[in-house]
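Below: the structure, in structure tokens.
The values are calculated or read from the model by the stated rules, or taken from the named source; none is laboratory data. Here the structure is a predicted model, which is why all the values come from computation and not from measurement. Every residue, glycine among them, receives a Cβ derived from its backbone with ideal geometry; neighbour counts consider all protein chains shown. The area values use the complete protein model at the heavy-atom level, side chains included, leaving out ligands, DNA and RNA. Shrake-Rupley method; radii C 1.70, N 1.55, O 1.52, S 1.80 Å.
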Amino acid sequence: MDAVRLIAAGRHALARSRTAGETMAEALQAQALAQEIGSWLAVTGPPELRTEARGLGDAGRKGCATIERRAPGPEPGTDGGPLRAAQLSGMEDLRQVFLGLIALLDDTVRDLTTVACAPENDHLYWHIVETIDTLDHSCDRVRVLLRRHAAGRGSASPTAGRGR
């Protein structure tokens, strides 16, 4: 599935999240997608984006580990199927991928902030703060990729379709 569609699915699922556990599960989904997009671009993306893309992949991987460490409720990503990121099959428009991923990560931070402020989630406060920090770090990496791509050093569709 194209990255833009996966990002849209993630934003939709995040909007439906009602509990701390569901929101944390969607934070894991967002980080996993950031990791997959970064890893993909590190291998198949424009050469001038590969170093930053590798950094995004690493940030996403570390973020997933942080979220999984003490996530509340059911194990994130085990809702009857694999992480959404495993469905990634292409990136047609890198600019839209970067803008969409920034929006998804920002939305996730916003929703986690709301969860952290709820009195019933006091016991999760510091874990949520750590998760927000990892999401922010990934988002910063995506912003750098967007700037480099916009500067004309990247191309619009070097990674269309990848066989898995």
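Miscellaneous remarks
- Just one of the numbered conditions (1) of a type outside the set (Lys, Arg); (2) buried (at least 24 other Cβ atoms within 10 Å of the Cβ); (3) over 13 Å from the mean Cα position of the chain (by Cα); (4) over 14 Å from LEU101 (Cβ atoms) is not true of LEU41: (4).
- Here the condition is being open to solvent by less than 80 Å² (accessible area, probe 1.4 Å) and either on the phi < 0 side of the Ramachandran plot or assigned to a helix (DSSP H, G or I) (or both); of ASP107, ASP133, ASP122, ASP140, it holds for ASP107 alone.
- Scan of the range 9-22 for residues that are over 13 Å from the mean Cα position of the chain (by Cα) and buried (at least 20 other Cβ atoms within 10 Å of the Cβ), ordered by number: ALA20, GLU22
- Near pairs, Cβ below 6 angstrom, 6+ apart or cross-chain, from the range 24-44 (farther than 15 Å from LEU112 by Cβ) to any residue that is open to solvent by 10 Å² or more (accessible area, probe 1.4 Å) and not in a helix (DSSP H, G or I): ALA32/LEU83
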